[in-house]
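Data block below; observations after.
The values are calculated or read from the model by the stated rules, or taken from the named source; none is laboratory data. Computed from a prediction, not measured in an experiment: that's the story for all the values here. Note: ideal-geometry Cβ built from the backbone for every residue, glycine included; neighbour counts use all protein chains shown. Accessible surface is based on the protein model in full, side chains and every heavy atom, while ligands, DNA and RNA are left aside. Shrake-Rupley method; radii C 1.70, N 1.55, O 1.52, S 1.80 Å.
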Amino acid sequence: MSKIEQLIGEIEAYIDDCKAQPFTNNKKIIVDRDEIEELLAELRMRTPDEIKKYQKIISNKEAILSDASKKADDLLSEAKKQTQELLDEHQILQQAYAKADEIVRSATMQGQQIIDQATKDANTIRDSAILYTDDMLKSMQNIIGHMLSGTRSRFDSLEKVLEESYEIVTSNRKELSGQDTVEEEEIPGEPEQS
């Protein structure tokens, strides 16, 4: 288990141990702000440096592509300059064309390789960032689902205990009055029976 997964487990355990806020049907809990902020700060600290590095490379994608294009343009410019110098010398005219063509081809290939590699790196980083973000969202989804499930079961248990207590009180009142029927008080929140 990674340190981040371990820390997420600690946050889940902390949330499970929090008390429910009164009169909220256990949907809200009371959280110690300092303690949850400390857990979240530790989670941020443990975010892999690699993810931060990838995010930086993604944000610099345009600069990388622009730099690669500039290098390709510089190589092409140098190739043209050398070609012009070779053309000035008639004896080596054929060699000049061949050399210029080779330089242009090499520069184009090099420029394309730089652009292809930058695009590949950016796509890999983006995919890693998406996968990491999805993993974090899945963890949060599990935490929230766990909290909802726990809240529902606690509420159902409380409702059952209250109904049983209500029945006992009604039965005791009947015994005290010696009657088979006792006027029952309306339960708040329930519709009136006709």
Practice problem: With the condition kept exactly as written, say whether any residue in region 98-118 is under 25 Å from Lys56 (Cβ atoms), touching a Gly at 6+ places or on another chain (Cβ under 9 Å) and not basic (Lys, Arg). | Solution: no
Picking from Ile103, Ile114, the residue that is in contact with a Ser or Thr (Cβ under 8 Å, 6 or more places away or on another chain) and either modelled with pLDDT of 85 or more or loosely packed, with under 13 Cβ neighbours inside 10 Å (or both) would be Ile103
Within region 18-36, the residues that are in contact with a Lys or Arg (Cβ under 8 Å, 6 or more places away or on another chain) and open to solvent by less than 60 Å² (accessible area, probe 1.4 Å) are Ala20, Asn26, Ile29
Looking across region 136-152 at residues that are open to solvent by less than 80 Å² (accessible area, probe 1.4 Å) and under 14 Å from the mean Cα position of the chain (by Cα), the single one that is nearest to Thr24 (Cα to Cα) is Ile143
Condition set farther than 15 Å from Asn25 by Cβ, open to solvent by less than 90 Å² (accessible area, probe 1.4 Å) and of a type in the set (Gly, Ala, Ser), scope region 153-194, selection modelled with the lowest pLDDT: answer is Gly178
